[in-house]
Amino acid sequence: MAADMQMPLGGGTAVGSPVHSRSGAPDLAAAGFTDGDCMLACDSCGQLVLLPSPEPDGRHHCPRCGELLRRDHDEPLTTPLALSIGAWLLGVITLASPLLSIRLLGRYRDSTPLSGARFFLEDGAAPLALLLVATVMMAPLLRLTLRIAVLSGLLMFRSPQRMAPRMVALLRWHDRLGAWCMPEIFLVGGIVAYVRLTTMADVQIGPAAYGLFAFVVTTLVADALFEPQSIWHALNAAEDPAPFLAGSPPQSCPYCRRLAFLPPGAPCPRCGTPLRSRKPDSVARSWALVTAAAIAYVPANLLPVMTLIRLGHAESHTIMGGVAAFAENGFWPLAVIVFVTSVLFPLLKLAGLSAMLLHVSRPSGDRAWIYTRLYSLIEALGRWSMIDVFIVAVLIGLLRFDAAASVVAGPGGVFFGAVVVLTMLAARAFDPRLLWDAGTGQAAGPSGGRR
């Protein structure tokens, strides 16, 4: 899209044809822009949208693709801060407490949520140990710490704008860590592992199980009430609507979503991140990651993800073998959960990302909205494939009685973990705005946000 802004292509309330000042800059006031409003570019389709001033319980969607652009809350700072502090304390206490305990053949063992990391290392699966610690402990607690630091700074200091340079890095990392926080997935994996163990021995639920549930619920509520756009608005309350340089297309910051009419590569006037109208080399990077994930998917399903030892007899289980074991024992709901998350979801991600990449390479005006919804689904559900890794983590952390009864991690788990990580990286590398560019040849112009 050039510097002049086109009429909107999607639904919502249009603001009329673009009006330009003598310098060539968009005249936002003539386009309906008032004090307190802000202009954003939709991350999913590139539509430029004028959003009104924050109002209680407001939800603003892109009129073109339906993507949620901003949520407004009555207490955007204090409530998320209190919940984040509570979640952080719950997380620290929970991770050091017993999760499950087992009594088998007159012997007793208990485990914490991270006990599996030690045995992953012993079994030669160091990548899974790192993945477990990073997604269950490090990423969630670090993200909460960053959020607490930002919200506390805004509430404690009278001039939060002066703290903006220091908080920029904190908010950037807060955004990056979001996809890698998986305590809720670990909780579900722990429930599945618990049911599996009850068929073999006497298993008791420890305090960490209840603490983990409380941690997950508190964190999810805190995430729902935390709106990054409100934070950026508080840090930069007096900034200009949209910096403009004649002849420059609109560039949207990938982190703070600040819109500026500046040359590609120019620093964001709000957070300093290099501005790009689209993610650089998005298609090439996505294809490389999808291809690597597809290659890893084969050994991930053929090799055993774990080996169960009973009285000296070893029995290896692939992913489908675990599904069959649940079905044979009558746990059909759990068999369906494992099959969907560990078999269907990876295939959906690989097929969906490949279809979107092919759509971008072969421009067509059709199905952009459908592919955008598919992309959102892949981003939201793709993380849940980690459930199989977490099931193994709980089993090897608890069932470790030497040759009498033990679970040992298999090489298939490492390949499966690689599939999950690679597909997540591929989804983040892909730019969904290319789906709309392929159909229209240009980005959409400004319109009012749909509530």
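The values are calculated or read from the model by the stated rules, or taken from the named source; none is laboratory data. Only a predicted model underlies this, so the values are computations on that prediction, with no experimental measurement involved. Every residue, glycine among them, receives a Cβ derived from its backbone with ideal geometry; neighbour counts consider all protein chains shown.
Restricting attention to region 165-195, and to residues there that are among the small types (Gly, Ala, Ser) and surrounded by 21 or more Cβ atoms within 10 Å (Cβ to Cβ), which single residue is modelled with the lowest pLDDT?
ALA193
If I filter region 73-117 down to residues being exposed (fewer than 15 other Cβ atoms within 10 Å of the Cβ) and not hydrophobic (A, V, I, L, M, F, W, C), which single residue comes out as modelled with the lowest pLDDT?
Once the filter is applied, the top-ranked residue is ASP74.
Quick one: in region 324-342, of everything that is of a type in the set (Gly, Ala, Ser) and touching a residue at least 60 places away in the same chain (Cβ under 8 Å), which residue is farthest from THR199 (Cα to Cα)?
Among those that are of a type in the set (Gly, Ala, Ser) and touching a residue at least 60 places away in the same chain (Cβ under 8 Å), it is SER342.
What about ILE378, is it closer than 24 Å to GLY190 by Cβ and touching a residue at least 40 places away in the same chain (Cβ under 8 Å)?
Judged against the criteria, ILE378 is not a match.
Name the pairs: first residue in region 298-323 and closer than 16 Å to ALA393 by Cα, second residue of a type in the set (S, T, N, Q) and in a loop (DSSP other than H, G, I, E, B), Cβ to Cβ under 7 Å, at least 6 apart or on different chains?
Correct list of pairs: PRO304/THR318; VAL305/THR318.
Looking for something in contact (Cβ under 8 Å) with a residue 60 or more places away in the chain, under 23 Å from LEU348 (Cα atoms) and assigned by TED's automatic domain parsing to the domain that holds LEU104 - is there at least one such residue anywhere in region 392-407?
yes
Being touching a His at 6+ places or on another chain (Cβ under 8 Å) and of a type in the set (Lys, Arg) is the requirement here; does ARG70 meet it?
Criteria met by ARG70.
If I go through region 263-302 residue by residue, how many of them are surrounded by 15 or more Cβ atoms within 10 Å (Cβ to Cβ) and in contact with a strand residue (DSSP E or B) (Cβ under 9 Å, 6 or more places away or on another chain)?
8
Considering only region 58-108, state which residues are more than 20 Å from the chain's Cα centre (by Cα) and polar (S, T, N, Q).
Residues satisfying the conditions are THR78, THR79, THR94, SER97, SER101.
In the set SER406, SER385, which member is buried (at least 19 other Cβ atoms within 10 Å of the Cβ), among the polar types (S, T, N, Q) and under 30 Å from GLY206 (Cα atoms)?
When all the criteria are applied, what remains is SER385.
For MET356, are the conditions met, namely being part of a helix (DSSP H, G or I), modelled with pLDDT of 90 or more and either more than 21 Å from the chain's Cα centre (by Cα) or outside the structural domain of ILE295 (by TED's automatic domain parsing) (or both)?
On the way: part of a helix (DSSP H, G or I): yes; modelled with pLDDT of 90 or more: yes; either more than 21 Å from the chain's Cα centre (by Cα) or outside the structural domain of ILE295 (by TED's automatic domain parsing) (or both): no.
For MET356, the condition - part of a helix (DSSP H, G or I), modelled with pLDDT of 90 or more and either more than 21 Å from the chain's Cα centre (by Cα) or outside the structural domain of ILE295 (by TED's automatic domain parsing) (or both) - is not met.
Please count how many residues of region 250-269 are more than 21 Å from the chain's Cα centre (by Cα) and in contact (Cβ under 8 Å) with a residue 60 or more places away in the chain. Step through it out loud before you land on a result.
Taking region 250-269 as the starting set, the residues that turn out to be more than 21 Å from the chain's Cα centre (by Cα) are 250-251, 259-269.
This time we only want the ones that are in contact (Cβ under 8 Å) with a residue 60 or more places away in the chain, so: 250, 259, 261.
Adding up the residues that qualify gives 3.
Could we say that PRO299 is at pLDDT below 95 and not basic (Lys, Arg) here?
no
Could you check how many residues of region 317-330 are closer than 21 Å to VAL420 by Cβ and surrounded by fewer than 18 Cβ atoms within 10 Å (Cβ to Cβ)?
Looking only at that region, the number is 2.
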